[in-house]
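Only the coordinates and a few stated rules stand behind these numbers; no lab work does. None of these values were measured; they are calculated from a predicted model. No Cβ is skipped: glycine too gets one built from the backbone with ideal geometry, and neighbour counts run over all protein chains shown.
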Amino acid sequence: MSPEMLIPIISSIGWLVVVGAALASYRLEWGQMARMALVWLAIFVGLYVLVLWFMMAQDTAGTLV
């Protein structure tokens, strides 16, 4: 893990905590809460992978030129 990726990882964890707190404020049943938490987790992981892929593709393109 490079130092450049430390801030995005920490901020993503922070946003997940904020989303978890907002989700807990609805006082849903455990099944609904688990399903919504998994959906949010999938969204964040998908965005993280997309940004990481874009950064790697940009880096690769820079070395080819």
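Axis angle, to the nearest 10 degrees, between helix 30-64 and the longest C-alpha principal axis of the chain: 10 degrees. Angle check, please: helix 6-24 long axis (alpha carbons) against the longest principal axis of the chain (alpha carbons), in degrees 0 to 90, nearest 10. Result, in degrees: 20. Between Leu50 and Arg27, the FRET efficiency from the beta-carbon distance, with R0 = 22 Å, is close to 0.10.
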